[in-house]
1. Can you sort Ser6, Ser18 so the residue with the fewest Cβ neighbours within 10 Å comes first?
2. Give a residue-ordered list of calculated ³J(HN,Hα) values for the range 67-77 (Karplus: 6.51 cos²θ - 1.76 cosθ + 1.60, θ = phi - 60°; whole Hz; x for Gly, Pro).
3. For Val7, Val77, what's the fewest-to-most ordering of other Cβ within 10 Å of each Cβ?
Amino acid sequence: MQQQLSVITLGIADLARSRRFYGDGFGWTPVFQSDDILRAADAPPHGGLRGYIADPDDHAWEIAWNPAWPISPEGYVRFAPA
């Protein structure tokens with residue numbers, strides 16, 4: 001079965017604030033200057049780095065990077081076989 005995600009809908013309290021957060025590069029600068037870091041970046045067992053933040057409405061997001069996950073020319077992450 002093919003698995004994919006096309007749309008995420010989030011409930012928000014302040015549209016202008018959320019537009020700024022997501023529209024200005026997903027809040028990258030605020031991420032590193034914020035008290036909303038849920039878990040500081042660390043190295044998971046499968047490699048790379050991951051960390052967890054909360055957006056202005058307290059939705060948790062994982063930000064992950066793994067050099068073993070190649071990205072196709074179309075922009076898709078390709079996971080290596082186990």
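1. Details: Ser6 4, Ser18 17.
Going from sparsest to densest Cβ surroundings: Ser6, Ser18.
2. x, 7, 9, x, 10, 6, x, 7, x, 8, 6
3. Working: Val7 4, Val77 10.
Lowest to highest Cβ neighbour count: Val7, Val77.
Here, each number is a calculation from the coordinates, and none is a lab measurement. Only a predicted model underlies this, so the values are computations on that prediction, with no experimental measurement involved. Cβ coordinates were reconstructed from backbone atoms using ideal geometry, including for glycine residues, and neighbour counts include every protein chain displayed.
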